[in-house]
Structures are given as structure tokens and as C-alpha cells.
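The values are calculated or read from the model by the stated rules, or taken from the named source; none is laboratory data. Computed from a predicted structure; not experimentally measured. Positions of Cβ are backbone-derived with ideal geometry, glycine not excepted, and every protein chain shown enters the neighbour counts.
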Amino acid sequence: MVKPAHCPALLVAAPASGHGKTTVTAALARLHARQGRRVRVFKCGPDFLDPQIHALASGAPCENIDFLMCGEEDARWRLGRAAAAADLILVEGVMGLHDGEPDSAELARRLGLPILLVIDAAAMAGSFGAVAWGLKNYGAGAPITHVLANRTGSDRHAEMLRQTLPPDIAWAGHLPRAADCALPERHLGLLPAAEIIDLDARIDRMATALANTAAASLPPAVDFAVPLAPTFLPLLTGRTLAIARDAAFCFLYPANLECLESLGARLAFFSPLAGDALPACDAVWLPGGYPELHGETLSRQHGLREQLAAHHAAGKPILAECGGMMALFDRLLTLDGAEHALWGLLPGSTHMQPRLAGLGIQAAALPEGTLRGHTFHYSVAETPLVSFVQTTSLRGGRGETIYRLGRLTASYFHCYFPSNPVATAQLFLR
């Protein structure tokens, strides 16, 4: 452990999803970045989408914090590293303030972070203060210092809300209803940053709207202990790892990419949607994303299909996660009845469903070692393949099937590589 780093920091939370946590976090990140500050944003939970928006807003990668999936030591090290170089740290909570295990309130208490509470006040008046007081005092309590009213109808409405607050919760200001600032959503959450054409302008408008509120002030500095950096064996030195990355394969944790590079791998990115050939490589990673939205384009990539088949036939490793696995089945069937012939390394098909088919933090006890991660998908697989390993849900619920065919490992399970770097390296070694 080295000397603590001091950095202004804040956790942005809400009573539930949909109140505007992402909007406010991104707006604060952009506002302070425009003022020349070095801002680092973190996201609680195993989210892939909100971090893309925060990376654009802040100009720096947004990493994930989840004590169960990532581990508390991992979270403290990443926060401490950021605090040593940043002028402001913002952490966006997950779901509602008291949802999850541990919930955002507990994370804030254990990490010493003050909380800015964001409440959608569009249909509220006197209940505003009651909700804020209740969230602050529920259970073991939450270190809520300020509250911001989102989607207010007028300045008069905002003043009514302000007057309801108890004396130990300060008013941070309000944001009016603004359709041109809202962030569009889809079945897995917010749209990926690259698909929101005017996202940069939306973030700028939100930042400007916050500029004259108390929320724009720097929060007090927090002491972050800085654990020693993890060490990595150079197990992938000299090896090239080809990684699919585009709108169909966009679910990549920045920590996963950093882990692979720390193991010594050279990363070669390619876009199946753009028709890129498979780079010369020793192993392939097909991460998750939205193949169901690009089935027709992916079905036309006959050259890539043949290259992946040759790579597999040569006994070279492939890791296919969720959407990456879907692309490797024979067929993909969408909700509108369309059927797409895909890359055929796995027999069977995947079928999109109108309801969530899998969700939760998981652990996979593979021969290479145990990796933690999560699952979140709206499709199901129909295949004659038998299960190689079944993941274990760490918060209760159903595990996920992991398939293995030669050196191809495929599942709906998304791995968090830093949870076991040695096992990660073994997945990509022959």
C-alpha cells in the first residue's frame, strides 16, 4: 500500500433506473472536462453501454466497479490509480440506490464517497423530500449530501421541490424536461454511444444546463488508498489476438483489453461489419454486442466465415461471448421472423425473445481456472451440443451453459479477465 491519493469524488445515484443517473453523470463529466479538469468516470455493475457514453463525455475510458464480479481489491486499485492522476472522479451507481448486493449505498459507505441523488421529479411535489429522506435513512443509511431534481416543469416547480428537503440534504439544482437531451434506449439498455448520432451535442447541452447549479461545484476530496498494482505473468508475449470490434461486437470492458496487453498480447482489431478479413493471429476473441441487428450484413461475410473455420480447424483458440457466440451458430432468428445464415462453427441456431432470457453475475469453473463475469441476453440457443461447463450464478438464479468444440469456447457468459489473468491467458493459448 502506498500513500493515499486525494481527489474530489462523487457517486451519482437514484431511487431506480430511469431517473437520469447516466444523463447527469455524463453532463458533469463534460462540464468539468470543458473547464480543463482531468475527469475519470466509473460505472457500478457489469454495464457495457453507459461506460461508452461516459468515455465520450470525459475523454477517458470508463471502468467498472462491482465488488462481486470485479472484486473489492480490483475496484480500490482502479479508483486509487485514477485518483493519483485525476482532478475529479465520478462514479455512476447501478439501478436504484438500495438495489443489488452490495448496493450503491454500501459501495459509497465502504469507499467513502458522498452521494449526489438524482430524482425524476416530473410527477412530484411534496413527496420529493420524503423520497430523498427515506433513501438517506433506509437500512444502514447512505451518505447522501445533495439531491438534484430531474425533468422539472418550471422554476416554480423546482422551488416547491427544494422546500421539501430536510436540512441535512442540500439542494443541487434542477434540470428541466428536455427531449433533445434524453438518451435513447433499446432492449439491452441505452443505445451504444456510436449509434447516437448527436450524442456529443446532447452531452454538451446537458453540461451547459448544469453549469449554473450547485451540482457543478467540485465535491470535497476523498482519500483513496492506492494498493500495489497487480502483477501479470507475460504468458501471451509474442502472440497476436484478433478482436472483433464494431456495432455488432461492442461489449468490451476496458479492463479486459488492458489485462490482455498486460499479459503481453498484441491486440489486432477488425470489423466484421466493414468486411475486414481476419487478421493474422494466434487466437480470436468475438465479444458480445448486437448481431441480431446486423444479421443480414454478417451473413454476407463469407470470406471471414471461411477464415474463422480455417483458424478453428488449425486448432487455434477462439473465445466467443454472447453476441460473438450467436454469430458462430448456423442461424439467427429475429423477433420479426427473419432468419440469417451465419458462420456455422457451432451447430444449431439462436432465437431472439421478447423477454429477458438471462441475467446475473456468474462464475465459470473452467479447466483453465475460475473466471467471474456476467450474463445479460434476450436470445436462447437451440443446439445438439452438450454442456462443457455450467456457470454458477453468484446472486442466485440460473447459470449459463459453456460449450467447447476443440479450442473454441462459447457461451452467453461475459468474462471479466482481471478476475483471473492466468486463466484468461490459458483460454487464448494452444
Worksheet item: Here are some residues: Gly129, Gly80. Which one is buried (at least 16 other Cβ atoms within 10 Å of the Cβ) and free of Cβ contacts under 8 Å to residues at least 60 places away in the same chain?
Response: Gly129
Worksheet item: Thr370 versus (1) buried (at least 16 other Cβ atoms within 10 Å of the Cβ); (2) over 24 Å from His294 (Cβ atoms); (3) of a type in the set (Val, Ile, Thr); (4) in contact (Cβ under 8 Å) with a residue 40 or more places away in the chain: which is the lone unmet condition?
Response: (1)
Item to complete: Give the residues of region 112-133 that are under 24 Å from Ala27 (Cβ atoms), in a helix (DSSP H, G or I) and out of contact with any helix residue (DSSP H, G or I) (no Cβ under 7 Å at 6 or more places or on another chain), sorted by residue number.
Response: Gly129, Val131, Ala132
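Per-residue answers, yes or no, for (1) assigned to a strand (DSSP E or B); (2) in contact with a Leu (Cβ under 9 Å, 6 or more places away or on another chain); (3) buried (at least 23 other Cβ atoms within 10 Å of the Cβ); (4) modelled with pLDDT of 95 or more:
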| residue | (1), (2), (3), (4) |
| --- | --- |
| Lys3 | yes, no, no, no |
| Thr23 | no, yes, yes, no |
| Gly36 | no, no, no, yes |
| Arg40 | yes, yes, yes, yes |
Practice prompt. Report yes if some residue within region 256-272 is in a loop (DSSP other than H, G, I, E, B), crowded, with 18+ Cβ neighbours inside 10 Å and without any contact (Cβ under 8 Å) to a residue 60 or more places away in the chain; otherwise report no.
Written response: yes
Worksheet item: Considering region 336-362 alone, what residues qualify as being crowded, with 17+ Cβ neighbours inside 10 Å, modelled with pLDDT under 95 and part of a loop (DSSP other than H, G, I, E, B)?
Response: Ala357
Discussion item. Being in the same structural domain as Phe42 (by TED's automatic domain parsing) and either among the hydrophobic types (A, V, I, L, M, F, W, C) or surrounded by fewer than 15 Cβ atoms within 10 Å (Cβ to Cβ) (or both) is true for just one of Leu252, Leu210. Which residue is that?
Written reply: Leu210
Practice prompt. Please verify whether region 307-327 includes one or more residues that are at pLDDT 95 or above, exposed (fewer than 14 other Cβ atoms within 10 Å of the Cβ) and not in a helix (DSSP H, G or I).
Written response: yes
Worksheet item: When region 202-252 is examined, which residues are found to be out of contact with any Gly (no Cβ under 9 Å at 6 or more places or on another chain) and under 22 Å from Arg110 (Cβ atoms)?
Response: Pro219, Pro220, Ala221, Leu228, Ala229, Pro230
Worksheet item: Hey, among the residues in region 186-211 that are in a helix (DSSP H, G or I) and basic (Lys, Arg), which one's modelled with the highest pLDDT?
Response: Arg205
